[in-house]
Each structure stands twice: as structure tokens, then as C-alpha cells.
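S.K.: Here it is: the structure, laid out below.
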């Protein structure tokens, strides 16, 4: 099936009105490509993956990591990220990633490359756009319904040479179909709800004052 099986891999909604905050991070879905770029493009279609800056001048300079992650494999990475960015919040990050996930998934299905472009790295965008163009050449339309979206979860957190990497797990229930020019279903089943798990990986240079993250890789989990 094309769509969320358009390749068994892919990097943060449906409602664009609240998705206009800063994020030059770029996101991909199962495109079969896993590399991104080091910069974000700013534009209207951005999703905030960063926490809101603390405006209280008396606030402490370093935020403690969420106690839920203490003693887990995520602790070291989150601690290093928080030391570099005291405003970093896992909750805010995952919230932004979830909004972006919905936005990317639906924009891809709707052939909305204008929405996709500022949210995807050059390589990921190129492959999304190629898949969209392939459908258009066949005069086909994709329809996607996100029936259930579970809260995004951390999959992996690490910091290497000032580059922070966070992989996020998205578990969803979806309906994906492809229709031909006559509106006949040529792929998928409108009555079948598919369980889909995707891993999107985001990176950020902690030496950079810019708090935004870049989606650098995506993959699906069978």
C-alpha cells in the first residue's frame, strides 16, 4: 500500500490554525529515505517543538529533567540537552512532534507539497514530492484517515559532539486507500483500519542558540 507503506521507513495538524509557531525542523514519513539537512526553513507551516521561553527573570537557570526519565536510558541525553537548553521540555517537544506528524501525514495524502516543503529536509521533501508526482502522473488520489493517534513517546535520546538526537515513536490506527481517476479504489480497503508504528528522528546542534529541531530520519516498525 502506498502512503504509510509507500516505503517501510520515513523526522513533528490536521488543524493548521495552531501550527504557526516556530520550527524549522523537517519531518518525513515512510519514504524510504533517512537523511536530512542541518538547517530549517522558516515559513507559515511550522510547528513549535521547543518550549516557550521563561519570562520570569527570577527563574532558575536550569530545568530539571522529568523525574519519569531518571534512571532510564534517556536520562543522560536529556540531562545534556537540558544543560545546554534550560528551557527544553520533553512534554513540549513531544506535543509539537505529534502535531507535526498529523500535519505531514495529511499533507502528503492531499498532495499538499506547499505545506510539506518547509517541514521536510531537502532529501525527504524530494522523495515525498516524487511520490506525490508519481500518483498525479497515474491520475490517482490518496485518502488517509488517522482514526487513533496515541501520545508520542521517546524512543532514543543521545548527544554526540554537541549534536542532540531524539527518536520519537508514533503509534496510530489509520485507513489508507488509493483511488483512480474514476474514484474506484485501486489499493487499500476503506473498511480496514491498519495499526502503524513509525519512528521519526530529530536532531539539533546544541551549540546553536536556535532551539528548533530538524527531522533527519524516519522509519516504520513492522
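S.K.: When you scan region 63-89, how many residues do you find that are touching a strand residue (DSSP E or B) at 6+ places or on another chain (Cβ under 7 Å) and assigned to a helix (DSSP H, G or I)?
M.R.: Qualifying residue count for the region: 4.
S.K.: Across region 56-95, what is the number of residues that are modelled with pLDDT under 90 and within 16 Å of residue 201 (Cα to Cα)?
M.R.: Here the count works out to 0.
S.K.: Is it fair to say residue 155 is closer than 17 Å to residue 202 by Cβ, outside any helix (DSSP H, G or I) and touching a strand residue (DSSP E or B) at 6+ places or on another chain (Cβ under 9 Å)?
M.R.: yes
S.K.: Hey, any hits in region 109-123 for a residue that's part of a loop (DSSP other than H, G, I, E, B) and either closer than 24 Å to residue 206 by Cα or modelled with pLDDT under 90 (or both)?
M.R.: yes
S.K.: Sticking with this one: Kindly indicate which of 169, 135 is modelled with pLDDT of 95 or more and assigned to a strand (DSSP E or B).
M.R.: Selected residue: 169, the only one of 169, 135 that is modelled with pLDDT of 95 or more and assigned to a strand (DSSP E or B).
S.K.: While we're here: For residues in region 90-107 being more than 30 Å from residue 70 (Cα to Cα) and touching a strand residue (DSSP E or B) at 6+ places or on another chain (Cβ under 8 Å), which is surrounded by the fewest Cβ atoms within 10 Å (Cβ to Cβ)?
M.R.: Taking the candidates together, the pick is 106.
The values are calculated or read from the model by the stated rules, or taken from the named source; none is laboratory data. What you see is a predicted model, and the numbers here were worked out from it, not measured in a lab. Counting neighbours? That spans all protein chains shown, and the Cβs are built from the backbone with ideal geometry, glycine included.
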